[in-house]
Amino acid sequence: MKNKAVVLLSGGLDSAVTLYWAKKQGYKCHCLIFDYGQRHKKEILAAKRIARKAHCPLEVVKISLPWQGSSLIDKRSDIPMARKPGEIPSTYVPARNIIFLSFALSFAEAIKSGTVFIGAHIQDYSGYPDCRPEFLSAFDHAAKCGTKTGTTGKGVVIKTPLIDMHKSQIIQLGIDLGVDFKDTWSCYKGLRLPCGKCDSCHYRNHGFSQLGMVDPLTKKR
């Protein structure tokens, strides 16, 4: 049980590094991918590609959030190109990580896995409340209180190996682990190339720049 893990895989840079890190630690990883009505399917395709290249089984769960409430779901809303520090952006999907982690917890318990991995980190929780360490710790506690395995003292553990890292540190870790960043997709838009202007592109580009590198997805520009 302790060597089996569920990894939330979005197709982005952070979740890919988390998957490779978990594999390096000796976990047999099962990737959980969500189709939740996001603006484009490129990240889902990227997640499948990453899982297959890592030789990990994957599950794609299709869910509906008909109330929307986020520019990542509502195509009538504009994707923000900049936000003030500490501001919760319109790309926040209401309670998304609570929903995703709940599915991951159920999946983990069903397959007798003792661990769920999520790639949340510093720059995520500066803007998204459901990426904060205190939330993730609280969810871990709730998981132990509200599951069969938790009540027997063998509950599923929520792990966040990237939580204290900045983007450049995550990229460097990914390089060390052999992650092919060409397989990932972080941009909020589903264009042929990343837009280079949204928050996700900004942090990703800045991370590569700090390492004296160029994002491999933008080299064709």
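The values are calculated or read from the model by the stated rules, or taken from the named source; none is laboratory data. Given the structure is predicted, the values throughout are model-derived calculations rather than measurements. With ideal geometry, Cβ positions are generated from the backbone for all residues, glycine too; neighbour counts draw on all protein chains shown. Each accessible area value is taken on the protein alone, full model and side chains, heavy atoms only, with ligands, DNA and RNA left out. Shrake-Rupley method; radii C 1.70, N 1.55, O 1.52, S 1.80 Å.
Explain nothing, just the number: relative contact order of the chain, from Cα pairs under 8 Å at least 6 residues apart, as a whole percent. Normalised by residue count, the contact order of the chain is 24 percent.
Taking the charge dipole of region 1-136 about its Cα centre, with +1 at Lys and Arg Cβ atoms and -1 at Asp and Glu Cβ atoms, the residue from Leu8, Gly37, Gly26 reaching farthest to the positive side is Gly26. Centre-to-centre separation between the Cα atoms of region 166-197 and those of region 69-128: 17 Å. In the complete set of protein chains, residue-level accessible area for Tyr188 is approximately 40 Å², probe 1.4 angstrom. Evaluated with a Cβ-only charge set (Lys, Arg +1; Asp, Glu -1), the chain carries a dipole of roughly 720 debye about its Cα centre, given to the nearest 20.
Of the residues Phe139, Gln172, Gly155, the one whose Cα sits farthest toward the positive end of the charge dipole of region 133-175, with +1 on the Cβ of Lys and Arg and -1 on the Cβ of Asp and Glu, is Gly155. Of the accessible area of the chain, computed with a 1.4 Å probe over protein heavy atoms only, carbon and sulfur atoms account for 54 percent. May I ask for the angle, rounded to the nearest 10°, between helix 13-24 and the longest principal axis of the chain, with both axes built from Cα atoms and the value confined to 0 to 90°? Between helix and principal axis, roughly 40 degrees. Computed from backbone phi, the HN-Hα couplings of region 180-189 come to 8, 5, 5, 7, 8, 9, 10, 4, 6, 9 Hz, rounded to whole numbers (Karplus: 6.51 cos²θ - 1.76 cosθ + 1.60, θ = phi - 60°; Gly and Pro given as x).
For Ile158, the residues whose modelled amide H falls within less than 5 Å of its own, excluding neighbours fewer than 5 places apart on the same chain, are Val116. In the complete set of protein chains, residue-level accessible area for Phe103 is approximately 80 Å², probe 1.4 angstrom. Near Pro133: Cβ cut-off under 13 Å, other residues only, Lys/Arg at +1 and Asp/Glu at -1. The net charge is -3.
A 1.4 Å probe run over the chain, with the rest of the protein chains in place, finds 49 Å² accessible per residue.
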